[in-house]
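**Student:** Below is a structure I'd like to ask you about.
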Amino acid sequence: MADYIISDNLEVAIQRNPHLRDYINEYRIQTQRTPEFVPVPDNSLRDVASLDIIYPVGDPIFIHVYMENGTRIYKPIEPDLTMEELAFMEKILGVILNYAADYPPPESEEVLDRNLEEIFNKAVTAGTSNKVKLNSVTIKADLRDKMLYNVKKDVIGLGPIEPLIRDSNIEDISGIGANDIFIVHKIFGSLKTRVSFGDNDRLSVYSKRLSERVGRPVSDKTPIVDATLPDGSRLSIVYSSDVSTRGPSFTIRKFADIPISIVQLVRFNTLSAEEAAYLWLALEYGQSVFVCGETASGKTTVVNAMVPFIRPESKIFSAEDTPEVRAPQEAWQQLVTRERGAEESRVTLFDLLKTALRSRPNYIIVGEIRGAEGSMAFQAMQTGHPVISTFHAASVKKMIQRFTGTPINIPVTFMDNLNIALIQQAVYVNGKFLRRTTSINEIEGYFEELGGVSTKQVFQWDAANDKHVFRGLNNSYILEKRIAQTAGMPDPKAIYDELFKRARIIEWMLRNNIMSYYKVFELIKTFYTKGEAAIPVFG
């Protein structure tokens with residue numbers, strides 16, 4: 001299920017997908033409405049009151065978003081099987097399993113897809129009825145393609161939630177029992193879906209199979225499991241009904257193959273061009289930056305977006321429990337913990353950070369600091385290795401409290417090894433769910449006479465106007481005392497001209513639609529290797 005055809009108009013979509021025609025006809029009869037076909041949904045649909053659209057995510061799957069009793073509903077349109085046909089599919093899967101014994105273990109999902117279709121074609125022939133005899137299957141001709149899709153969806157895909165996985169507009173999928181499946185949509189926000197597992201017994205079987213596929217089997221003894229799907233998405237399963245009273249539950253935080261760029265974040269107003277330029281200078285000159293915030297506030301998104309600001313020739317090590325960090329630099333070593341197996345064979349974040357230090361990287365990126373690895377991160381900063389990390393804290397004050405308290409226990413005098421703390425939050429603005437960098441703060445140092453750590457807020461989000469205010473203009477400690485001095489500027493105030501120059505580059509990329517992650521990196525790389533004369537904005 002790797003290559004998908006995206007329909008760009010309704011007529012072509014219906015020709016290729018008869019089930020879509022049938023669905024629309026039935027919907028017209030029930031509601032006297034015809035949904036609008038939208039090839040690519042965008043933010044212009046965000047505030048449409050009487051929403052009723054269908055958009056493609058790749059044949060044969062389409063998504064219908066519509067209003068029902070004042071609530072937006074998300075419904076996948078796909079070649080569904082009846083209960084009788086689903087029971088027949090189980091028999092077909094048994095035959096396929098017998099054939100599969102003759103094939104070597106597939107090396108990739110693409111090979112599995114190819115082998116599965118080859119086996120299906122060997123085992124299944126068209127006929128006038130559906131029946132199985134030994135290792136031979138006869139199937140009604142009009143059911144064949146629909147059955148192959150559902151076999152692939154069950155074996156290779158993620159079953160009932162495969163359409164949600166395929167939809168790149170979805171950030172988060174949550175299931176609470178068999179019939180309450182919710183999503184967070186990039187355009188429409190939180191939506192309830194019409195996806196169902198039938199009943200909790202089926203969901204229990206599904207949860208068990210899914211957990212076994214990712215190598216972290218759930219059971220009554222181990223009812224809670226966190227794992228990573230093959231595409232990098234985070235998976236959390238709560239299996240037992242005595243732990244999850246409404247039935248088995250799961251959450252999937254989807255992983256994007258190509259990260260969101262810093263220019264896209266500026267476009268979304270997550271942060272300003274000046275804030276992006278500030279981070280650019282900070283990472284160019286080896287400052288340590290922690291991105292703090294609560295769950296789902298966009299911390300990892302911001303980290304990935306800022307990594308291209310690190311010099312392209314830099315040696316980067318990333319250490320994570322779940323591989324979410326992306327670095328476009330060639331000398332990037334991605335390290336991931338190993339939590340399974342015997343105690344002596346496990347590899348923790350602490351172990352990975354020790355390994356990274358021995359390799360003398362230019363930058364260390366820690367996916368998320370939670371415990372003992374925090375002390376190792378501060379040791380790295382003390383020895384001159386800049387660190388980027390995410391951390392759960394809603395403010396600079398809480399960040400310092402958590403780092404200096406149990407279980408991390410960093411001496412408060414060590415906090416000045418960290419240079420910058422960026423606070424990221426999920427906020428509601430005029431009823432819309434948005435992510436904003438609410439402040440960027442500089443750590444000036446520990447001062448005994450103050451009895452604590454001195455910090456300075458250089459950027460602040462103005463909630464009333466949804467704007468980012470540069471409060472550190474002409475009084476930034478990091479820009480003047482650290483970066484300007486390192487850059488050898490006779491006048492430290494000249495650093496602000498450099499910041500605004502970088503902001504102009506960011507804004508130029510935005511105006512010229514240079515927003516994809518790797519295109520943004522290539523332009524930044526050009527700036528580093530050829531200088532500002534090579535950037536058209538200065539031409």
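The values are calculated or read from the model by the stated rules, or taken from the named source; none is laboratory data. Treat the numbers as computed from the prediction; the structure is a model and nothing was measured. When we count neighbours, we look across all protein chains shown, and the Cβ atoms used for this are built from the backbone with ideal geometry, even at glycine. For the accessible areas, the whole protein counts, side chains as well, though only heavy atoms, and no ligand, DNA or RNA atoms are used. Shrake-Rupley method; radii C 1.70, N 1.55, O 1.52, S 1.80 Å.
**Student:** Nothing charged except the Cβ atoms of Lys and Arg (+1) and of Asp and Glu (-1): what's the magnitude of the dipole of the range 79-157 about its Cα centre? Round to the nearest 20 debye.
**Tutor:** Charge dipole, the range 79-157, about its Cα centre: 400 debye, nearest 20.
**Student:** Using alpha-carbon pairs under 8 Å, 6+ residues apart, how would you state the relative contact order of the chain in percent?
**Tutor:** 9 percent
**Student:** What distance in nm separates the two pseudo spin-label positions at Asn409 and Asn513, each 7 Å out from Cα along the beta-carbon direction?
**Tutor:** 5.7 nm
**Student:** Let me ask something additional. Could you please state how large a percent of the accessible area of the chain is carbon and sulfur, counting protein chains only and using a 1.4 Å probe?
**Tutor:** C and S fraction of accessible area: 49 percent.
**Student:** What order do you get for 357-370, 479-492, 185-198, 126-139 when each peptide is scored by the mean count of other beta carbon atoms within 10 Å, highest first?
**Tutor:** 357-370, 185-198, 479-492, 126-139
**Student:** Pulled fully out, how much extra length does the chain show between Asp231 and Asp8, if you take 0.36 nm times their separation in residues and subtract their Cα-Cα distance?
**Tutor:** Residue separation times 0.36 nm, minus the Cα-Cα distance, leaves 77.7 nm.
**Student:** Using the per-residue mean of other Cβ atoms lying within 10 Å as a proxy for protection, in what order, highest first, do the peptides 210-218, 254-262, 384-392 fall?
**Tutor:** In decreasing order of mean packing, 210-218, 254-262, 384-392 become 384-392, 254-262, 210-218.
**Student:** Step through the table entries Lys354/Lys519; Lys75/Lys432; Lys75/Lys133; Lys481/Lys519; Lys146/Lys186, compare each Cα-Cα distance with 28 Å, and write down the pairs that go over it. Walk me through the numbers before you get to the answer.
**Tutor:** Numbers: Lys354/Lys519 33 Å; Lys75/Lys432 22 Å; Lys75/Lys133 37 Å; Lys481/Lys519 32 Å; Lys146/Lys186 30 Å.
The answer is Lys354/Lys519; Lys75/Lys133; Lys481/Lys519; Lys146/Lys186.
**Student:** So, one more: In debye, nearest 20, what is the charge dipole magnitude of the chain about its Cα centre with +1 on Lys and Arg Cβ and -1 on Asp and Glu Cβ, if you could check?
**Tutor:** Approximately 360 debye in magnitude.
**Student:** Toward the positive end of the charge dipole of the chain, about the Cα centre and with charges on Cβ (Lys, Arg +1; Asp, Glu -1), which of Ile92, Trp461, Leu134 goes farthest?
**Tutor:** Trp461
**Student:** What is the distance, in nm, between label points placed 7 Å from the Cα along the Cα-to-Cβ direction at Asn269 and at Lys315?
**Tutor:** 4.4 nm
**Student:** Along the Cα-to-C-beta direction of Arg46, a point sits 7 Å from the Cα; which residues of the range 432-463 have their amide N less than 11 Å from that point?
**Tutor:** What the label zone holds, given the 11 Å backbone N cut-off, is 432-435.
**Student:** What FRET efficiency, computed as 1/(1 + (r/R0)^6) with R0 = 22 Å and r the Cβ-Cβ distance, is obtained for Glu85 and Arg202, rounded to the nearest 0.05?
**Tutor:** Approximately 0.90, to the nearest 0.05.
**Student:** Only loop residues by DSSP count here, and only those with at most 12 other Cβ atoms within 10 Å; note down the GluC sites (Glu not before Pro) in the range 101-186 that meet that.
**Tutor:** Numbers: sites: Glu107, Glu109, Glu110, Glu117, Glu118, Glu171; in loops: Glu107.
Sites meeting the loop and neighbour criteria: Glu107.
**Student:** Determine, for each peptide in 231-237, 446-452, the mean count of other beta carbons within 10 angstrom over its residues, then list the peptides with the highest first.
**Tutor:** Highest mean packing first, the order is 231-237, 446-452.
**Student:** Please calculate how many Å² of accessible area the chain carries per residue, with a 1.4 Å probe and no DNA, RNA or ligand atoms counted.
**Tutor:** 47 Å²
**Student:** Follow-up question, since we're still on this one. Quick one: dipole size for the range 382-539, taken about the Cα centre, charges +1 on Lys/Arg Cβ and -1 on Asp/Glu Cβ, in debye to the nearest 20. Don't jump to the answer; show the numbers that get you there.
**Tutor:** Working: 19 positive and 14 negative charges, 125 e Å.
Result for the range 382-539 is approximately 600 debye, rounded to the nearest 20.
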